[in-house]
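First comes the structure, then the notes that go with it.
What follows draws every value from the coordinates through simple rules; no lab data is involved. Because the structure is predicted, anything quoted here is derived from the model rather than measured. Neighbour counts run over all protein chains shown; Cβ positions are idealised from the backbone, glycine included.
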Amino acid sequence: MLENKVNKDSEAVSLDSLSELTGFPVELIKRELFEGQLGEKELNLEDLRAAMMSYIDKTMLDDKTTA
């Protein structure tokens, strides 16, 4: 029997479920994390992690330049 090995980074994440978990509206998530360029309502974990790291880096750098 073959084992079904799923790459965890390729699992789909629904923006609606992310919105429910975080309490942020879908449109805010799209605007802040993806700068309004995400058209679909699902993305994979790898893309979500990359977008979150980019957002954190950008906001951390903004805080340092204004301080």
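Couple of notes before you dig in:
- Contour minus Cα-Cα distance for residue 52 and residue 11 (0.36 nm per residue): 13.1 nm
- Remark on residue 41: its backbone amide H falls under 5 Å from none of the residues 5 or more positions apart or on other chains, H modelled at 1.01 Å from N.
- Net +/- balance of residues flanking residue 53 in space, Cβ distance below 12 Å, scoring K and R +1, D and E -1: -1
- Debye log10 I(q)/I(0) at q = 0.17 Å⁻¹ for segment 12-66, Cα point scatterers: -0.54
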